[in-house]
1. Identify, please: which residue in the stretch 72-96 is closer than 25 Å to SER14 by Cβ and either in a helix (DSSP H, G or I) or of a type in the set (S, T, N, Q) (or both) and is, among those, modelled with the lowest pLDDT?
2. Might you check whether a residue that is closer than 23 Å to LEU25 by Cβ and touching a helix residue (DSSP H, G or I) at 6+ places or on another chain (Cβ under 7 Å) occurs anywhere in the stretch 105-125?
3. More than 17 Å from the chain's Cα centre (by Cα) and of a type in the set (D, E, K, R): does that describe GLU96?
4. I'm checking my understanding of the structure. Among residues of the stretch 130-154 that are polar (S, T, N, Q) and assigned to a helix (DSSP H, G or I), which one is farthest from LEU119 (Cα to Cα)?
Amino acid sequence: MLRRIEDDFGTVASVIALGDSGLALRAPEVSAWSVAEQVDHLVKVEQSIFSHLLTRTPAPGKAISWAGRLVLLSGWIPRGTGTSPRKLRGTAAGPEELGAALEACRETFHRLEAEPDLLLDPVPSLPHKMFGALTTTEALRFVPIHTRHHLKIVADIRTAAGGR
């Protein structure tokens, strides 16, 4: 699970390396967001999850919901079903800003990774509006599912925009 997250950092970095023209690609028939907005959102979500887990704050509410279990079991998020909180919505950032945000996210992940007792904590600590309260393990299983969901959208945008 942790290796998969680390591998995804490299994949996201390769998307950022497309530069301004690649990040500006849009395909309204695929998504209202550009490639840059997709990347910015997924990095913000990862950073938010990793940072929150490091606070060791128990999550209020019930444990994981049936929707959360379904996503973790299937490894799939249906498109167009969720809405992102305002602070996690993607913005049309440039490659330098996205690269810096990704590096900060990677550093936060490595701090989390260095705390094995936290990684194994069974107390739900990440509140999610649709999935309920997730344990650290559940939250870390969700991260690559969410990341790959947005990377698939990025691939579809690039295809629809002429394979650029």
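The values are calculated or read from the model by the stated rules, or taken from the named source; none is laboratory data. This structure is a prediction, so every number in the text was calculated from the model and none was measured. Virtual Cβ from ideal backbone geometry, glycine too; neighbours counted across all protein chains shown.
1. SER84
2. yes
3. Yes: the conditions hold for GLU96.
4. Step one: filter the stretch 130-154 for residues polar (S, T, N, Q), giving 135-137, 147.
Among the residues that remain, those that are also assigned to a helix (DSSP H, G or I) are: 136-137, 147.
Values: THR136: 6, THR137: 6, THR147: 19 Å.
Filtering first and then ranking leaves THR147.
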